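Have a look at the structure below, then the notes.
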Amino acid sequence: MLKKKKGGVLMGRVSMPQGKGSQMHNRREYEEIGKPIPDNIDGSKSSENIILVDKDIRDAYREIFSSALEKYNSKQKRADRKIVDYLDHIQKSKNGEKPFYEDVVQWGSKDDFQTPQMRERAKEALVKYVEGFEERNPNLKLIGAYIHMDEASPHLHLDYVPVAYGYSRGLEIRNSLDKAMKQMGFQPENESRKNNATKLWKENERVVFGQVCRDLGLEVEPERKSERKSLTVDEYKEARDEMLGHLEKEADTARQAAQDARKELRAVQDKAEAAEERLRAAVAVSKGIQDVRQISPVRRTLTGKEVYRPEDLRSLKTAAELAKKATWERDMAIRAKEKAFDQVYSRDAMIDRLKEQVKDLQKQVDQLAPYKIFVESFQQLREHFQDWFINWQKQRQEKRKDRSKKRGFER
């Protein structure tokens, strides 16, 4: 957790492991499983804790993703491509997704809670903050909200599953923190590791919680203003509909292109079949010409020239023209058929190359995943050190002031 100075609003990503360890801490189930209660927890005050939301994560995943999962699996012809359990799929994923995310929300520090009245006021602020959470953040589904009153400072543990919509491949609805934030309107300019959608969201939530505290008379030091305007629910829905409409247009375009390609292939196949039919007709006509040529002449002149009847000559000319035309059409259709099949083979080869490129990129991403975790851990450690160093400098300055005052009195 990131500590802030007195009177400030705390909202930090929890550092404890997710899963059973997190649930044990949030629900205070230490004694039930034979674990000792940590020293920082006052067991006599645990009855004052409040559980606002407490959902089983598997039930939550079935509720959120079951329809999208069924739709995806119904389209898979190969059993090895089906996803049996989406929660297990996320837990085994190497793409960095977590089954859920847990943040801690808190006002002030332990020095601010010397009276029961202040503790109750802080608890009221946390309750009000949770009440508006899902309405403010439609893409974050709460599975846990626990207010702990049995530690030095009242604070809230908030567990949520990020839900992103509108995927054209794979599951239409997925667990994706970054995309969930962006679909709620948190789109940073010049996006980087330090300037990302989640950071903008946290800044906005600090402002929201700070205002809740102020409304209850809790002093809050000025927060750094978020670069993003907070969206109302209606604005969010409008932005989401616009984005989904854009995605739907892209999907329609892709579907239309595929449909046109299938029509083109069918047309080529029809032309090829027609060409084969014309070829058979041309062969039949050629045989007809041979039959005409077998017609005996009406008479022979003194010079030996054969004389045929006019109707026989016309039949012979017509048959020759039909044979010539049928042969030309056959050759053109065969060339069109060969060209169409060449295009199909080229497309198949291009798709195979793209698949190989995707595999190579995925391997590179998998190789970089440990470095990403290391860098994030190092960054958290650096932030902890900076906070500690700032506090140490302040304490040092205060000690110097106290020494100066004492010296003044001594003189």
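Here, each number is a calculation from the coordinates, and none is a lab measurement. Every value quoted in this text rests on a predicted model; they were computed, and no experiment measured them. All Cβ positions, glycine included, derive from the backbone under ideal geometry; neighbour counts span all protein chains shown.
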Projecting the Cα atoms of 93, 73, 107 onto the charge dipole of region 31-107, where Lys and Arg contribute +1 and Asp and Glu -1 at Cβ, the residue farthest towards the positive end is 73
Of 123/394; 98/194; 94/179; 92/179; 110/399; 45/128, pairs whose Cα-Cα distance is over 23 Å: 123/394
Of the listed peptides 62-72, 43-53, 156-166, what is their order by residue-averaged count of other C-beta atoms within 10 Å, with the highest listed first? 156-166, 62-72, 43-53
Quick one: divide the alpha-carbon radius of gyration of region 65-221 by 2.2 N^0.38 Å and tell me what you get. 1.27
Rounded to 0.05, the calculated FRET efficiency for the beta carbons of residue 321 and residue 267 at R₀ = 41 Å is 0.90
